[in-house]
Amino acid sequence: MRMDRLLETLAYIGALIGIAVGRAAVKLLPRRWLLALFRSFADLGFHLAHGFRTRSIRNLSLAFGDRLTFREIADLARSSLRNFSRDFLEMGFALDIAPDRIRAEIPVHGLEHLKEALAKGKGVIALSAHLGNFFLLGTRLAAEGYPTYVLINQARTGKLPELIVRYRNRINQKTIHTQPHDEAFRELVQVLRRNELAIVIADEFRNGGGIRVPFFGRSVIARRGPATLALRTGAAVVPACLVRDQSGDLKLVIEPEIEFSRTGKIKADVTENTLKITQWLERTLRSYPDQWNWMTIHWQEEGADTLTGKEHQYEEAAH
C-alpha cells in the first residue's frame, strides 16, 4: 500500500514537472521547432519501443497486408506514433489559447449534422475513436458553444486523476468517469436529457463483455455500451473526429447521424447497432490509417497475436 502511494506521488510530481516544462517550452520556442522535436522523439520511441512497434505492425499487416507493401506498413506504424506524439504538443498549445483562436485554427466540416441531431431534443452521443487528436475533440466542440462531456476510462480519485481533470477543465472539457458503471450511466443520461453532447470513444476492443463483430475481415469483441445508451435515451449518434489533413493541420469532421435500428427488441437492436458502429469505425480507419493507435485491437481468431514469417518482414522493414 505504501509503495502504491509512493508511486502515485512520484507520478503526480512527474506530471507537474512535465506540464510546467511543456508549457514553458510552448511559450518560448517557435512552433516549428517543437513540431520537429516531437517528431524526432516519436521516431526514437518507435525504434526503442519494441512492443508498440511489433504489435502495431502485426495489426496493420492483418488489416492491410494484402494491399500494402512491407515499407508502407512500417511507415503507417511510425506515422501513428508521430501523430500520438503531436497530440500532446497540441494539448500544450490549447492550454493558453482562447476559444475564438481555436475556432480559427481548426475548421469544422459538417456542423449542420450536429445541429440537425440536437434539434431533435434528446441529446447527442458524439461517436469518436482514438483517432487524430482525440484529446482535443471536446475542446473544439465546446469552442462552438456546445456543453460537452467526455467519457473517460480513468480513476475518479487520487492526485494524478484530479490533476488531469483540472487541466481538462482548463481546455473546456467536462469529464464523466466510466467507473462505477451505474454512476457513469446516470451522469450520461442527465447530459443527454439536457440536450447536450456526450463524447463516447467506441474503439476499445477487449476479450470479453461485448459483442463479436467483423472488423477488417476478422472479428473483435466490441463494447455494447454506446448502442445501449443510445437506445435507452433516444439520443442521436453522430460521428465526430478531429483528424489531420495532408499538411498535418487539424480539422473537425462531423458526419451525418447513424440511423440506428429501434425495433424494440433490445438485444437484437444492440447487436445490430454495435455492428453499425464498428462498420463506421472501419470505414474511418481506412481513410486515416496513419492516425489511429493500432495497438488497441484484440483479434478473436486463434493465432492472430503471433508474428508470422510475413509479419517479421514488416518488422525488419521498420528498421
Inspect all residues belonging to region 191-199 and state whether any of them is more than 23 Å from residue 138 (Cβ to Cβ) and not aromatic (Phe, Trp, Tyr). no
Of the candidates 274, 278, 284, the one satisfying the condition of being touching a Cys at 6+ places or on another chain (Cβ under 9 Å), within 27 Å of residue 61 (Cα to Cα) and either basic (Lys, Arg) or outside any strand (DSSP E or B) (or both) is 284
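Quick one: would you say residue 186 is surrounded by fewer than 16 Cβ atoms within 10 Å (Cβ to Cβ) and under 30 Å from residue 65 (Cα atoms)?
no
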Would you mention how many residues in region 190-215 are closer than 27 Å to residue 99 by Cα and either in contact (Cβ under 8 Å) with a residue 12 or more places away in the chain or in contact with a Phe, Trp or Tyr (Cβ under 6 Å, 6 or more places away or on another chain) (or both)? 12
Every residue from region 168-186 that is over 29 Å from residue 97 (Cα atoms) and either among the acidic types (Asp, Glu) or not in a helix (DSSP H, G or I) (or both): 179, 180, 182, 183
Take residue 224 and decide whether it is in contact with a His (Cβ under 9 Å, 6 or more places away or on another chain), under 20 Å from residue 151 (Cα atoms) and either surrounded by fewer than 20 Cβ atoms within 10 Å (Cβ to Cβ) or modelled with pLDDT of 95 or more (or both). no
Helices (runs of 4 or more DSSP H) (entirely within region 67-145) containing at least 2 residues that are more than 21 Å from the chain's Cα centre (by Cα) and under 26 Å from residue 273 (Cβ atoms): 111-118
Any chance you could count how many residues in region 28-51 are of a type outside the set (A, V, I, L, M) and outside any helix (DSSP H, G or I)? 1
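The values are calculated or read from the model by the stated rules, or taken from the named source; none is laboratory data. Just so it is clear, the model here is predicted, and its values are computed rather than measured. Here Cβ is always computed from backbone atoms with ideal geometry, including for glycine, and neighbour counts include all displayed protein chains.
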